[in-house]
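Worksheet: the structure to be examined is printed underneath.
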Amino acid sequence: MTRYFMRDTPLYQMEQMMMTPPHFKPRGHGQRRSGFQYQAKDVKCEYCMNYSRKNLCPLDQCICLEERIEAGTLSLEELLRDCLNSKLKMSLWGRLAQMLYQHPLQFFRTDEHRSRWTRWRTRYRQLSQRNQAALFLLTAYDDIWRRVIWKIEDDGFDFDSVRLAGIQPELYSVYQAAKAISTGSQNITIADLASHELVTDEAFQLIICALLLARYGDAISDLERKGDS
């Protein structure tokens, strides 16, 4: 027996409408967020199906990351320590601490940066999370973006054909960081990131945001919203 008695009849659409739950929104209409606000008590690890009192969490990444950020149980400092655990040298942590305690997290450099990244990420929706993070850096400055705008495909970037002659010196670190995140190369080192001479404060914050984006995806944008509020 089928679900609908009036299938293939003029009354089918009316029956379908009557059987639809209140406030239901069909697929294909974008992301729908409920009005429920997570609190710390809702996201305790003991409620997770992977939780074990005897063993550490077996997951490489928490499946409740967005909910824990929304509830305020994960701070930017904790995410940075987790993201950079194997890279976090004292020199780098000193600069990170300065960024954390002196300035609120500003994920995008400008409104133009935000709209440009959103537009091109939507256009190339097959990009991996690492390449989305690289795109985040490459769309931050006009001088970089005009050099790479035609070097992007669904599977990544053709960095070998990009010409950097005449690029502003302070933007070179941003480009190299994007290339390193996308390809996994060592174009920029921890020592470079820790150096105020090689990486400006603005570039440093953008690169840190890109590293978080490469690891955690869109969940980290909640940190910016929480900072704004």
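The values are calculated or read from the model by the stated rules, or taken from the named source; none is laboratory data. Because the structure is a prediction, the values reported are computed rather than measured. Neighbour counts are summed over all protein chains in view; Cβ atoms, including those assigned to glycine, are modelled from backbone coordinates with ideal geometry. Just so you know, the surface numbers come from the protein's heavy atoms only, side chains and all, with ligands and any DNA or RNA stripped out. Shrake-Rupley method; radii C 1.70, N 1.55, O 1.52, S 1.80 Å.
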**Request:** Round to the nearest 10 and report in Å² the accessible area of Asp42, as given by a 1.4 Å probe over the protein chains' heavy atoms.
**Result:** 60 Å²
**Item:** Cα-centred dipole magnitude for region 146-186, charges only on beta-carbon of K, R (+1) and D, E (-1), debye, nearest 20
**Value:** 240 debye
**Asked** Over region 95-214, how many percent of alpha carbon pairs lie in each 10 Å bin up to the one with the longest distance?
**Response** 13, 49, 32, 5
**Message:** Give me the net charge for the shell around Ala203: Cβ to Cβ below 11 angstrom, other residues only, Lys and Arg +1, Asp and Glu -1.
**Reply:** -3
**Full-stretch length increase - Arg53, Met99 - with 0.36 nm per residue and alpha-carbon distance subtracted** = 13.0 nm
**Request:** Using a cut-off of under 17 Å, list every residue of region 155-192 whose amide N is near the label point 7 Å from the Cα of Gln126 along the Cα-to-beta-carbon line.
**Result:** 155-158
**Message:** Rolling a 1.4 Å sphere over the protein heavy atoms, what is the accessible area per residue of region 86-222, to the nearest Å²?
**Reply:** 51 Å²
**Fill in**
Sparse-neighbourhood loop hits (trypsin sites (Lys or Arg not before Pro), region 113-179; DSSP loop; Cβ within 10 Å at most 16 others) -> Arg125, Lys151, Arg163
